[in-house]
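The values are calculated or read from the model by the stated rules, or taken from the named source; none is laboratory data. Owing to the predicted nature of the structure, the values given are computational and were not obtained by experimental measurement. Reconstructed Cβ throughout: ideal geometry from the backbone, glycine too, with neighbour counts over all protein chains shown. Heavy atoms of the whole protein, side chains included, go into the accessibility calculation; ligands, DNA and RNA do not. Shrake-Rupley method; radii C 1.70, N 1.55, O 1.52, S 1.80 Å.
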Amino acid sequence: MHTRESSAKRGYGSRWQKARDYYLKKHPLCVEHEKLGQVVQAEVVDHIKPHRGDMVLFWDSDNWQSLCKHCHDSHKQRLEKSGQVIGCSLDGVPIDDNHHWNT
């Protein structure tokens, strides 16, 4: 059985908490809700491209985005596992850029 390392060992220690707090102050809204024309406070700083232990990618703030907990825990996790984004804009257009309606 594989045991996951502690969050601090994976880079999510006090340095990350400070960087996260600063980033959320500068980018307080969920980017996924903004795409839909909605204003929702972000709670999570997400790595756009999963860093998978690559500390250079981990600390690259160009690879960060602000998300609400719901988007991070549902849409983002689904995207990482399946490669598909589920949902539509207010106009009914799929929000997945790779959806066949958008290509």
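Worth a mention:
- Whole-Hz couplings from phi, Karplus 6.51/-1.76/1.60, listed for the stretch 32-43; x for Gly and Pro: 5, 5, 4, 4, 9, x, 10, 10, 9, 5, 7, 10
- Net lengthening on full extension, residue 63/residue 39 (0.36 nm per residue, minus Cα-Cα): 6.5 nm
- Placing pseudo-labels 7 Å out from each Cα toward the beta carbon at residue 51 and residue 12 gives an inter-label distance of 1.1 nm.
- Accessible-area rank, largest first, for 14, 66: 14, 66, with all protein chains present and a 1.4 angstrom probe.
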